[in-house]
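Participant: One structure follows; several queries about it will come next.
The values are calculated or read from the model by the stated rules, or taken from the named source; none is laboratory data. Remember, predicted model here, so these are calculated numbers, not experimental data. Neighbour counts are summed over all protein chains in view; Cβ atoms, including those assigned to glycine, are modelled from backbone coordinates with ideal geometry. These area figures cover heavy atoms from the full protein model, side chains too; ligands, DNA and RNA do not enter into them. Shrake-Rupley method; radii C 1.70, N 1.55, O 1.52, S 1.80 Å.
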Amino acid sequence: MEKNLVSVVIPAYDNPDYTRKTIQSIINQSHRPIEIILSDDNSPNSLKVLVDEKRNECGPDLEIKYYRQKKNLNYYFNLQFVLGEANGKYVVLLDHDDWMIDQYYFADAIKAIEADSNCYMSIANTFMENTPETFLNFYYQNWHYVDGTYLMKKELFQNTLHPSRSAVLLNLDKLKELNYKQFFISKETGESLNTMPDEGFVLICLLAAIGKIALTGRIVSVRGLPPDSLSRVAWGGGQKMFIPYFLLYEHFLRTGSKDGIQTMIINLVMRHPCQNINFKMLKYLNYKRSAIMFMMLGVIWFNLKWIIFTPLKFLRKLIVSLLKRFLL
């Protein structure tokens with residue numbers, strides 16, 4: 001069992017009531033061994049007391065490692081820190097305001113992954129807190145194997161498959177083989193470029209490009225929605241994702257993944273286009289011709305969409321307003 005150590009990495013800031021629930025939900029998992037790695041991002045009130053309280057519920061095959069940052073790193077960079085401390089074969093990225101509700105998920109996910117030697121991750125479903133909404137729009141309970149490149153190209157960035165981090169179990173050993181850290185930017189770079197990307201889909205794309213995905217619609221976690229959640233500010237559209245997506249594009253170009261190349265081009269130009277030319281980012285990427293081209297095409301597409309769809313949105317609102325006025 002030691003070879004199947006699961007690292008649960010938790011970038012945390014304040015919200016002790018949520019964080020307590022987060023840790024408890026991992027303690028409740030049937031799988032062992034587990035290591036919980038929590039990094040307190042210089043919270044106003046230290047989370048150490050909470051962690052020490054939960055340590056009393058842990059056995060020799062469940063360990064909680066606590067770190068407190070001297071300066072606030074912010075979500076993306078704090079997540080990099082906890083990922084760097086992980087030692088498991090598998091890893092789950094668990095935000096401090098999310099929690100697991102299926103105590104058998106880790107055990108069942110690992111069993112499903114290891115049943116196919118070409119499978120490197122699992123994806124399940126998640127509730128949004130205090131709503132009937134789920135992240136995935138299918139609910140079958142069994143495990144289904146999907147070709148990773150097909151999923152990345154056709155489904156991953158669409159409404160049909162937009163998983164929560166808490167419901168994704170990743171093969172960390174394979175991510176290390178792929179040198180996943182090269183797709184992250186440092187805090188110094190982030191500050192100089194005034195950007196803080198989202199990391200989740202980067203890791204998923206790396207594994208999707210080389211194998212299968214064990215997929216289920218089973219609901220295994222809850223996405224917490226406190227008003228001050230730091231995990232919400234990571235996502236920021238094209239400007240913030242341009243560098244990670246471009247680095248993935250270059251990676252897929254080197255490795256010959258045609259579906260990966262196509263997916264990243266669509267992401268860069270159409271799904272998450274830049275709003276304007278960012279010369280700092282282009283300089284960071286050494287003014288590569290492909291980077292300049294993707295950014296320019298993205299800006300054109302962004303403004304074209306604005307020109308086309310803004311009047312349509314206004315017209316729709318006007319029609320709805322008139323109907324309400326005269327029919328209600």
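Participant: Looking for whichever is touching an Asp or Glu at 6+ places or on another chain (Cβ under 6 Å), aliphatic (A, V, I, L, M) and under 19 Å from GLU199 (Cα atoms) here; the options are LEU73, LEU156, LEU93. Which one fits? Step through it out loud before you land on a result.
Facilitator: On the way: LEU156 fails: touching an Asp or Glu at 6+ places or on another chain (Cβ under 6 Å); LEU93 fails: touching an Asp or Glu at 6+ places or on another chain (Cβ under 6 Å).
From the options LEU73, LEU156, LEU93, the qualifying one is LEU73.
Participant: In segment 180-221, how many residues are assigned to a helix (DSSP H, G or I), crowded, with 17+ Cβ neighbours inside 10 Å and among the hydroxyl-bearing types (Ser, Thr, Tyr)?
Facilitator: 1
Participant: Which condition from (1) in contact with a Ser or Thr (Cβ under 6 Å, 6 or more places away or on another chain); (2) surrounded by fewer than 23 Cβ atoms within 10 Å (Cβ to Cβ); (3) closer than 30 Å to ASN74 by Cβ is the one that ASP173 breaks?
Facilitator: (1) is the only condition that ASP173 fails.
Participant: Which ones in segment 244-284 are among the aliphatic types (A, V, I, L, M) and either open to solvent by 10 Å² or more (accessible area, probe 1.4 Å) or under 24 Å from GLU155 (Cβ atoms) (or both)? Walk me through how you get there before you give the answer.
Facilitator: Residues of segment 244-284 that are among the aliphatic types (A, V, I, L, M), as a first pass: 247-248, 253, 261, 264-266, 268-270, 277, 281-282.
Passing the criteria: LEU247, LEU248, LEU253, ILE261, MET264, ILE265, ILE266, LEU268, VAL269, MET270, ILE277.
Participant: Restricting segment 17-47 to residues that are among the β-branched types (Val, Ile, Thr) and touching a Lys or Arg at 6+ places or on another chain (Cβ under 6 Å), which is farthest from ASN78 (Cα to Cα)? Outline the logic, then answer.
Facilitator: Within segment 17-47, the subset among the β-branched types (Val, Ile, Thr) is 19, 22-23, 26-27, 34, 36-37.
When the remaining residues are screened for being touching a Lys or Arg at 6+ places or on another chain (Cβ under 6 Å), the result is 23, 37.
Working: ILE23: 17, ILE37: 11 Å.
Once the filter is applied, the top-ranked residue is ILE23.
One line per residue, one yes/no per condition, for (1) of a type in the set (Val, Ile, Thr); (2) free of Cβ contacts under 8 Å to residues at least 24 places away in the same chain; (3) closer than 18 Å to SER7 by Cα:
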site	(1), (2), (3)
LYS48	no, yes, no
ALA86	no, no, yes
ASP97	no, no, yes
ILE123	yes, no, yes
GLU133	no, yes, no
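Participant: What pairs come out if I take residues in segment 14-31 that are within 20 Å of PHE106 (Cβ to Cβ) and pair them with residues that are aliphatic (A, V, I, L, M) and open to solvent by 40 Å² or more (accessible area, probe 1.4 Å) whose C-beta lies under 8 Å away, six or more apart or interchain?
Facilitator: SER25/ILE101
Participant: Further, regarding this structure: Just checking, how many residues over segment 121-146 are more than 25 Å from HIS31 (Cβ to Cβ), open to solvent by 80 Å² or more (accessible area, probe 1.4 Å) and either assigned to a strand (DSSP E or B) or of a type in the set (Val, Ile, Thr) (or both)?
Facilitator: 0
Participant: Same structure again: Could you check, for segment 295-305, whether at least one of its residues is more than 24 Å from LYS181 (Cα to Cα) and touching a Leu at 6+ places or on another chain (Cβ under 9 Å)? Write out each step before concluding.
Facilitator: Within segment 295-305, the subset more than 24 Å from LYS181 (Cα to Cα) is 296-305.
Add one more test, that the residue is touching a Leu at 6+ places or on another chain (Cβ under 9 Å), and what stays is 297-298.
Yes, there is a match, as at least one residue in segment 295-305 is more than 24 Å from LYS181 (Cα to Cα) and touching a Leu at 6+ places or on another chain (Cβ under 9 Å).
Participant: Going by the conditions given, is SER257 modelled with pLDDT of 95 or more and hydroxyl-bearing (Ser, Thr, Tyr)?
Facilitator: Working: modelled with pLDDT of 95 or more: yes; hydroxyl-bearing (Ser, Thr, Tyr): yes.
When the stated conditions are applied, SER257 passes them.
Participant: Residues that are within 28 Å of TYR180 (Cα to Cα) and open to solvent by 30 Å² or more (accessible area, probe 1.4 Å): which strands (runs of 3 or more DSSP E) entirely in segment 1-114 hold 2 or more of them? Please lay out each step first, then the result.
Facilitator: Details: elements: 6-12, 34-40, 62-68, 90-93.
Strands (runs of 3 or more DSSP E) meeting the threshold: 62-68.
Participant: Hey, another quick one. Tell me which residues, restricted to segment 231-243, are crowded, with 18+ Cβ neighbours inside 10 Å, at pLDDT below 95 and in contact with a Pro (Cβ under 8 Å, 6 or more places away or on another chain).
Facilitator: Of everything in segment 231-243, those that are crowded, with 18+ Cβ neighbours inside 10 Å, at pLDDT below 95 and in contact with a Pro (Cβ under 8 Å, 6 or more places away or on another chain) turn out to be SER231, ALA234, GLY238, LYS240, MET241.
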